[in-house]
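Notes follow once the structure below has been shown.
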Amino acid sequence: MTIQKYQGDVSLIKIEKAPKNIVFKKLNKDLVVREGEITNHLHLLTKTKEAEISYANFLDEWYLKIEKGSAVITHPEHKEITLDEGLYFIGKQWEYDEIEKRREVQD
Amino acid sequence: MITKLTKKQEQKIPEYIQKWVDLASQKINKKKAIKAVGDMYKKMGEKKPIVIIGSSPINACLLKILFSAFIQDSQLYNQLNNQLNNQLNNQLNNQLCSQLRSQLDSQLYSQLDSQLRSQLRIQLRISVYNQLDSKLYSKLYSKLCNQLNNKLCNQLNNQLDSKLNNKLCNQLDSKLYNQLNNQLDSKLYSQLKEKTQFYLSYWWYSWIGYYDYAQYIGVKFDEDKFNLFKEFIIQVPFIIPYKGIAFISEKPRILWRERKLHSEIDMAIKYPDGYGLHFLDGIYFEEKLWEKITTRKITAEEVFKIENIEQRIKAIQYIGGKVLEKEAGSKIIDSHPNKEYGQIIELKGIKDSLGDSYRFLKAYDPSKKDWVYIRVSPDTSDVLKAQEKCYRLDRFNIKYNPVKRT
């Protein structure tokens with residue numbers, strides 16, 4: 001079963017493999033996964049000490065590879081979520097729009 | 001090394017939080033502000049600037065625009081700059097400031113035309129204030145703040161440091177940084193970014209609040225640096241460094257409710273000249289929308305068509321979801337047995353541009369402890385499928401099955 005966690009409008013999906021064309025970079029500092037347009041609140045990913053994590057941005061969403069240790073995603077309004085070792089897709093929420101058919105949720 | 005707090009010291013933490021929250025909206029002392037800017041420039045190795053005080057960041061920006069238009073002739077600028085001595089500065093500041101301000105208030109808002117703007121863009125290419133701004137930043141951050149921080153770390157036990165971080169800094173952060181600084185900064189940035197570069201010092205309030213408390217419990221700082229840092233942050237909430245001039249702004253009056261920017265009767269952030277921003281429970285609203293919501297003169301259609309979901313949720317909370325759903329002719333299309341996953345509702349009274357009725361996934365948000373309304377397509381009739389569409393789970397060919405929702 002795929003592990004799915006949701007922090008408000010952000011999805012954290014543990015997946016088996018990333019698309020072939022994704023290029024990962026080493027994560028050295030905190031990563032802003034998503035920022036609220038109105039509130040400016042951040043979904044902020046912080047790696048734990050000595051964690052080895054790489055990431056890739058894909059059309060404003062993220063792939064995250066945690067090879068060692070773990071990462072925590074925090075947000076001022078939500079409880080924090082811990083991600084253990086594994087490959088994750090970190091996505092956003094979408095709404096229907098009759099013209100664009102789909103647009104990301106504006107928060 | 002300080003390893004623990006006395007009971008009295010612990011009881012003082014809320015007082016220090018409140019002290020810095022209050023200072024964020026306390027009027028600046030003009031003399032002290034001019035001195036703080038001068039001292040900071042001196043520390044940067046720059047000449048004391050002329051300080052011009054605007055009644056709001058926008059006003060300070062307009063003064064700077066006007067000034068830059070006047071002095072775009074560099075020869076004139078040099079001549080003017082050379083003629084200004086310390087004695088004249090204050091008088092000139094006051095005269096300039098009050099005269100320009102009255103001119104601006106009466107004329108500039110309406111007459112600030114494209115010519116002035118285009119002149120400004122040319123001025124913006126001059127990099128002097130870029131350098132000043134970055135210097136200012138590096139001076140504050142790398143020199144003052146880091147040094148003060150080192151002193152703090154050397155004198156505070158790690159455990160106590162993290163305890164204080166949780167009790168004091170986080171609270172100051174949530175209020176002054178997350179709320180005030182970020183909100184104001186982003187709104188000002190969107191309004192001023194093409195016109196000028198500015199520096200908003202509210203960012204430092206949680207730091208200086210912490211240092212201030214640390215000093216109270218006995219941490220020794222370099223007094224000169226501490227005072228320079230503190231005075232600058234208290235007295236200079238907003239600055240546009242421009243050549244030999246520093247345009248600064250008065251502070252706003254700020255209204256809070258439960259640690260969030262909030263007011264139903266006026267702007268939650270309001271400067272003396274009337275510039276300000278409206279908030280409801282920390283959510284920013286443009287004036288017209290804020291007024292319609294707070295006076296309850298908004299229709300269900302207007303509420304459900306608000307594009308920003310945070311504003312939509314807040315408006316629904318204000319008017320009441322049941323009332324709005326009733327007004328919009330709501331009909332339940334699907335309900336999931338797990339109530340938190342929500343319902344699909346159709347609002348028969350609200351049509352989109354294609355003539356279809358609006359449908360929403362009405363799901364429970366555990367953090368808000370309330371319902372959120374996410375628009376779904378008119379053919380959506382299943383809660384789980386709606387969740388899958390909202391998070392685009394079809395990309396991974398998986399069903400909506402969360403192990404955690406927060």
What ranking, highest mean first, results for peptides B:283-296, B:51-64, B:392-405 when packing means the other Cβ atoms within 10 Å averaged over each residue? B:51-64, B:283-296, B:392-405
Going Cα to Cα from residue B:243, which aspartates and glutamates come in below 19 Å? Please leave out same-chain ones fewer than 8 positions away. B:39, B:46, B:73, B:133, B:194
Translational diffusion coefficient of region B:259-379 at 4 °C, 1.567 mPa s, Stokes-Einstein with Kirkwood Rh over Cα pairs, in µm²/s as a whole number. 84 µm²/s
The long-range amide H neighbours of residue A:58, using H built 1.01 Å from N in the peptide plane and a cut-off of under 5 Å, are A:63
Check cross-link reach from residue B:339 to the aspartates and glutamates: straight Cα distance under 16 Å, and skip same-chain residues fewer than eight apart. B:365, B:370, B:382
For the ranges B:209-222, B:255-268, what's the packing order if you count other beta-carbon atoms within 10 Å of each residue, average per peptide, and put the highest first? B:209-222, B:255-268
Is region B:252-328 best put as rounded, prolate or oblate by its Cα gyration tensor, with a ≥ b ≥ c the root eigenvalues, rounded for a/c under 1.5, and otherwise prolate when a/b is larger than b/c, oblate when not? prolate
Counting pairwise Cα distances across chain A, what percent come out greater than 25 angstrom? 19 percent
Separation of alpha-carbon centers, region B:270-322 and region B:330-390, rounded to whole Å: 22 Å
Could you run the Karplus curve 6.51 cos²θ - 1.76 cosθ + 1.60 with θ = phi - 60° over region B:48-65 and give me ³J(HN,Hα) per residue in whole Hz, x for Gly and Pro? 4, x, 6, 10, 10, 9, x, 7, 7, x, 5, 4, 4, 5, 5, 4, 5, 4
Go ahead and run the numbers for FRET between residue B:318 and residue B:381, Cβ-Cβ distance against an R0 of 25 Å, rounding to 0.05. 0.25
Measure up B:7/B:27; A:26/B:305; A:79/B:399; B:297/B:331; A:29/B:230 against 31 Å on the Cα-Cα distance and list the ones that go over. B:7/B:27; A:26/B:305
Just tell me which aspartates and glutamates come within less than 13 Å, Cα to Cα, of residue B:251; anything on the same chain fewer than 8 places away is out. B:22, B:273
Once you sort the root eigenvalues of the Cα gyration tensor of region B:329-406 as a ≥ b ≥ c, which label holds: rounded (a/c under 1.5), prolate (a/b larger than b/c) or oblate (the other case)? oblate
Once amide H atoms are built 1.01 Å from N in the peptide plane, which residues 5 or more positions from residue A:106, or in another chain, come under 5 Å H to H? B:309
What is the mean number of Cβ atoms from other protein chains located within 10 Å of the Cβ atom of each residue in peptide A:73-80, rounded to a whole number? 4
Taking the Cα-to-Cβ direction at residue B:295 and at residue B:351 and moving 7 Å from each Cα, how far apart do the two end points lie in nm? 2.9 nm
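With charges only on Cβ, +1 for K and R and -1 for D and E, what is the dipole size of region B:329-406 about its Cα centre, in debye, rounded to 20?
Values: 16 positive and 11 negative charges, 48 e Å.
Dipole magnitude for region B:329-406 comes out near 240 debye.
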Extension gain, residue B:220 back to residue B:22 (0.36 nm per residue minus Cα-Cα distance, nm): 68.8 nm
Students often get this wrong, so check it: of A:65/A:92; A:47/B:389; B:32/B:260; B:288/B:385, which have C-alpha atoms separated by over 25 Å? A:47/B:389; B:32/B:260; B:288/B:385
Which value, in debye to the nearest 20, describes the size of the charge dipole of region A:4-92 about its Cα centre when Lys and Arg Cβ atoms bear +1, Asp and Glu Cβ atoms bear -1, and nothing else is charged? 300 debye
What does the average come to when, for each residue of peptide A:85-93, you count the partner chain Cβ atoms lying within 10 Å of its Cβ? 2
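Just so you know, all these numbers are worked out from the coordinates, no wet-lab data involved. For clarity, every value in this text was computed on a predicted model and none was experimentally measured. Every residue, glycine as well, gets a Cβ built from its backbone with ideal geometry; the counts of neighbours run over all protein chains shown.
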